[in-house]
Structures are given as structure tokens and as C-alpha cells.
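Below is one structure; the comments refer to it alone.
The values are calculated or read from the model by the stated rules, or taken from the named source; none is laboratory data. Treat the numbers as computed from the prediction; the structure is a model and nothing was measured. Note: ideal-geometry Cβ built from the backbone for every residue, glycine included; neighbour counts use all protein chains shown. All accessible areas refer to the heavy atoms of the entire protein, side chains included, with ligands and DNA or RNA removed. Shrake-Rupley method; radii C 1.70, N 1.55, O 1.52, S 1.80 Å.
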Amino acid sequence: MKTIAFLTLCLLAQVAIGQSITTKTNHWRTTVEMGVQMGQVKPDVPAGYPYYGYDIIYNPYYNYNYSYYPIRDAGNRIGLTIHAFTGYVVRPQLITGISFGVDYFNNSAFLPIAAAIQGDLFGHTKRLTPFYTLESGYAIAGPNPHGKELKGGWLLSPGVGVRINKGNGTGFLISAGYKHQEAKQVASVDGVQILAQTEQRAYNRLYFRMGFSF
Amino acid sequence: MKATLLLLLLPLFFLTSCTDNCERTTTYRKYTSVQLPISDVRQAVSSGTPQPLVEPGKLYVKDQYLFIVEIKKGIHIFDNSDPANPKAISFLSIPGNVDIAVRDNILYADSYIDLVALDISNPTAIKEVNRVETGFTNGLVGRTYWSYDKTSMKIYDQREEIATTTVKTDCEGSFNILPYLIPIAWFGRYYESLAFADGVYNSSQAPKTTTPTTGVGGSMARFAISNNQLYVVSSSTLQLFDITDPAKPTKGKSATLNWNVETIFPYRNSLFIGTTTGMYIYDVTSPAEPKQLAAFSHVRSCDPVVVHDNYAYVTLRGTSTCGVAGTQDVLDVIDISNLSAPRVAKTYPLETPYGLGIDYPTLFVCQGNKGLRVFDASNPLDLKPQQTFANVNAFDVIPISKTLLTIGKDGLYQYDYSNPANLRLLSKIAAQPAY
């Protein structure tokens, strides 16, 4: 994944040397993209009562402890991501605005709302224009298996892309980048044997998106 | 600018990996097995410097002294001559102690398999005067279980502590297996985290008898003194000790009880025994020969019973698995004018009731985390709520000569109830619970 991203970046640099095209000035830019985000996870661990010092599950009905077999493999995870951005064009290299969307991590959905900046990378607006994006914000936890227990967190997402300008202020986008999302799950506990359980999550993903700008 | 910007972006790809980083922190109760040679246990009774309250258990009042049990560790002794300013005098270390009872100047305390008689004529210098085996060889105290092995002469016990562990997970969160009832089964018995206090007070009727307000979920031994007998109850046995000579308790008869006994409350010539399946009434007119009078299975008595005249006041908690889950939390008033045939006279719904105390016409009911409630019980069939203290955590109460002692997870509160409609807080001895 990292290699692909790097190669894309190199390709963008080469493409930057190219044709130029004139465009109308527009003070607002809106982009809508959709794509995938990919990452890796560590192995699943049992969520049993840590009785006698190690994680095993206590069965209250039969009064014995049994081993837990992980049901999820460690490895790659892939999810959908939808992203929308709207901002004010200060200059072609700097467009500030907000972004929102939907991200799917493992089995949870998050709704990020972030302050974002975008802009053309090399200053010239040509037919194929590389651009960068940078956003930081907060994601609200969406539908997920734990319901209200999951709380959202901070989001950071830098990225680069290339825009194919169509001439009347619209364009087709391809972008890739990195997404760091934090979240917290406060698990429900019985309060007698387990008194509190919280999980601090930090998702790290690489995303590839395609969309339109207008 | 453009080139530098590009260069800035590049390292970001390689600085952090694409692996999720998730960590789960769990706080739980951890149990470690401990072994105590019985010789060490027997030597350990000693009086020392006062200690802070951690897990307060049974409470006993004698004259101006307060005895508060520290579960399985010993007894805190306070001088309560000024209820607004109770003074800690000492801490009696008694391993395995759960319950106490006092007759004249002798305090009886259990210590695993023993019943220890202590001379408290001078509470600042308490001495052990006698020790007798109860005949019990195991016990369930709260969530921990102890047993005695005769061949190796050792007590096998469990130490409970709060521990925290952190593991790295796969970020999908955990689904804890919660038992279908809120409290969990532990060694075959159900236990709730909060049920743990008791209260005993000296009856104002006869100076020699002590009348405890009963109640406690969790502790194994139950002590009650009536006439010249000390009644000690384990989960299935009633053991009598003759204490005509208080310093020399003599083991007497024992009766097998077929139920899980939780509480014992002597009143006049009767013994009210609360079990997980009902309340049993024993006649103790001849104190050494208890005779079963009645079994009242309507009452699931994990919680206290207090008796006054012809009425017994019992609290039942629906969430408690001492009874049947799903039953409503109530305060029952039972007509016991005919001891062989008790019947429920009135039921009052009441949230999470625990211990109670009565100083006619005022009835005090503890409601755990919901606080303390005061009733006007001049007409038991029409209890009128007078005051509610919501900020107190209350398990049990002892009303004694216009001072109300309330024990709960956060400590001991003392109120002046000379005006029952307006209780006044006198003092608080704070407990420092582990969690």
C-alpha cells in the first residue's frame, strides 16, 4: 500500500509537467469523492474475565473457565469512505473549508466533520493538476455493533491527488492519502467482577478516492 | 513553496504505519489464594493503632463505644460519647472476622473456625479471654471463600483486590459476557456488589439482651444473643453457645437448617431466621432448645427484618437473586400477632431497599445508592414518608437513643433524630473503599 502511494506521487510529479489550460475563477469549490480505505489490524484477543491473571472466560452457569478462540483473523481490513468538501478559494493554492463524510473502519462507521484545506500543488492550473488536502477534525461514531458505547474522536487526514480539469470549473478527482482516526469504546460491565473496561482506538488507514469537483 | 510542500507530505506516509493501534484497559477484581497456618491465625488477635475504614461490615453499639467490623481483618473501636465527634480508639486485629455480638463486657467475634471471647471492660486495652471452635470449617464471605484443612492445619482463603490490566486488541471492541442476572453466581451463590453491612444495637427493653437489626447479603456467620444463648448461624447450621458465664462460651446444641441462611433476628421469645427461600420463625422460650414454629415463604429475606410489637418489617429487593429476579422492590409489613401464621399486612413499593431500623414510631429504611428514607410508622398499615437523604450511601441503620447510625459504602453517618421529621447530621467517619 505504501509503495503504491509512493508511486502515485511520483506519477503526479511527472504529470505536473504538461499542458496548461485556462479556467474561470470561481470563489467556491466543492468536491465529492468516494473510495476505499485500507489498513491492518492486530490479532483479536479474548474479552473474558481476567481471572487468575490471564484472559479467559468464566462461565457462570457451569462454574468453569474455558478458552476463547479468536473469531477474527488479524490482517487486512478494507472499508468504504465517502468524502465531501466545500471551501472558499482564497487562492488556487489555498482553499479553506470544511469536510464531512462517512468512513467505515472494521465494523464501525464514523461521520467525520473536519476543518480542511486544499490547494493546487504547483501553482499552475493545467489540465492535470496535482493537489493536496489536509484536514483535522472530529468524527462522530455512527452505526456500529456497540451502539452508544462507542464515542468518536480526533481525525487527521493528509492526502494528495490529481484533478483533471474539464474547463468550466469542474473536474474529476483521484486522490490518495492517510487517515488517522481515534475513538473510544466504554464497554458495559457487570460491575461486580469487572468494574470498568474502556478501549482506546487509533485507526490508521490509507485511502484511495475518486470523485468530482465543481 | 510547492516543492517543500511536497517534501513535507512525503514523510507522513512512512512516519506511521497502516496498522491500527488499539488498547483495552480493564479494571477487575482479582483473587489470589492465601494459606494461613491456624496457629498464626490464633495468635494474631491484638489491639493496635486505629486504621482507616476500608470495607465496613457489621456495626455494634455498646454504651458509648462503637464497634465496626472490618471484613476479615478485625474491629475498629470508636469512642462515640460525642456523636458529633467520634474518636477512633484502636483497631483489633482478628483475622477472618465477619460478625460480632456483645454481652455485658464480653465481645464475641468469629475468626475463621473459632469463636473468640474478648474482654472489653476497658476498650482501650482489650484482651482475649477465651476461644472455642464453632464447628464450621468453611465460609463464604462476600465473594471470597475460605476453608479449613484439618490435616494440614491450614486455612485456605482468597484475597480480593482491584487490579487493572491493559491489552492490545484488534480494534473491534469487546462484547462482555454478562450473566443474565445483574449479580453473578460465585461458587453457587449469588452475590451483589453492594450488600454488605449489618447493624446491632442494645435493646432498651432489657439491659442483658441484645437485639440486632439483621441483614446482610454475603457474610457467612450470623450472631445473635438472646437470653443466655449466643446463636451462631452458618449457611445451613444453627449452633448454640451457652453464655451464662459470658467469659466461657460453651458449645451447645446445633440444628441443621435446610436453607441458605442470611439473617437472624431474635425478638422476645422468638428467633426470626431469614433465608434465601423464606423466613422461618423459631420458638426459643427454652433458649437451649429452639423449636420451629413457622415457615413463611413469601418473604425472601436476603435483607433485614426488624420487628416491633405485632409487626415485622421486611425489605425485599427484586434485583437481588436472594429472591426471584424481576420481583418488585418492596417493603413488606407482616402481621405476626399469631407467630405460627404470619401474613403480609401491607406492601409498599420502595426502590432498592437494604437494611432497616425501628425506633417506634419512626422507621428508617436504607436504599443503597438511593440514600436513606425516614417513615412515620405510628400506623404500620399507613407508613408516611417523612424525610429522604439522597446523597448518602446507606446499607443499614441502628437507631439508638435519638442518634441514628447509618453505615454504607462511604462510611458511617450519625444523625440526630430527636425531631424525626428533621434529621440533623452529626458526624461522618469516612471509609476509603478500594473501588
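Across segment B:42-72, what is the total count of residues that are open to solvent by 40 Å² or more (accessible area, probe 1.4 Å) and among the small types (Gly, Ala, Ser)?
2
Let me confirm something: among B:TYR156, B:TYR190, B:TYR148, B:TYR180, which residue is more than 7 Å from chain A (Cβ to nearest Cβ), within 19 Å of the chain's Cα centre (by Cα) and either at pLDDT 80 or above or open to solvent by 60 Å² or more (accessible area, probe 1.4 Å) (or both)? Before the answer, list the steps.
On the way: B:TYR156 fails: within 19 Å of the chain's Cα centre (by Cα); B:TYR148 fails: within 19 Å of the chain's Cα centre (by Cα); B:TYR180 fails: within 19 Å of the chain's Cα centre (by Cα).
Exactly one residue qualifies, and that residue is B:TYR190.
How many of the residues making up segment B:79-100 are among the hydrophobic types (A, V, I, L, M, F, W, C) and either crowded, with 24+ Cβ neighbours inside 10 Å or not in a strand (DSSP E or B) (or both)?
Summing the residues that are among the hydrophobic types (A, V, I, L, M, F, W, C) and either crowded, with 24+ Cβ neighbours inside 10 Å or not in a strand (DSSP E or B) (or both) in segment B:79-100 gives 5.
Among the residues of segment A:199-214 satisfying the criterion of being of a type in the set (Phe, Trp, Tyr) and either within 7 Å of another protein chain (Cβ to nearest Cβ) or not in a strand (DSSP E or B) (or both), which is farthest from A:ASN26 (Cα to Cα)?
Let us first name the residues in segment A:199-214 that are of a type in the set (Phe, Trp, Tyr), namely A:203, A:207-208, A:212, A:214.
From what's left, either within 7 Å of another protein chain (Cβ to nearest Cβ) or not in a strand (DSSP E or B) (or both): A:203, A:214.
On the way: A:TYR203: 36, A:PHE214: 9 Å.
So, considering only residues that are of a type in the set (Phe, Trp, Tyr) and either within 7 Å of another protein chain (Cβ to nearest Cβ) or not in a strand (DSSP E or B) (or both), the one farthest from A:ASN26 (Cα to Cα) is A:TYR203.
Just name the residue that is surrounded by the fewest Cβ atoms within 10 Å (Cβ to Cβ) out of those in segment A:161-186 that are in contact with a helix residue (DSSP H, G or I) (Cβ under 6 Å, 6 or more places away or on another chain) and of a type in the set (A, V, I, L, M).
In this case the residue turns out to be A:VAL186.
Condition first: within 30 Å of B:LYS154 (Cβ to Cβ) and part of a loop (DSSP other than H, G, I, E, B). Now tell me which residues in segment B:45-78 satisfy that.
Hits for segment B:45-78 are B:VAL45, B:THR49, B:GLN51, B:PRO52, B:VAL54, B:GLU55, B:ILE71, B:LYS72, B:LYS73.
Select from segment B:345-359 the residues that are more than 15 Å from B:ASP309 (Cα to Cα) and assigned to a strand (DSSP E or B) and list them in ascending order. Working first, answer last.
Of the residues in segment B:345-359, the ones more than 15 Å from B:ASP309 (Cα to Cα) are B:346-356.
Correct list: B:LYS346, B:THR347, B:TYR348, B:PRO349, B:LEU356.
If you go through segment B:389-426, how many residues are closer than 13 Å to B:LEU59 by Cβ and either modelled with pLDDT of 85 or more or in a strand (DSSP E or B) (or both)?
Number of matching residues: 16.
Quick one: is A:GLY161 in contact with a Pro (Cβ under 8 Å, 6 or more places away or on another chain), at pLDDT 90 or above and away from chain B (no Cβ under 14 Å)? Steps first, answer last, please.
On the way: in contact with a Pro (Cβ under 8 Å, 6 or more places away or on another chain): yes; at pLDDT 90 or above: yes; away from chain B (no Cβ under 14 Å): no.
So A:GLY161 fails the test.
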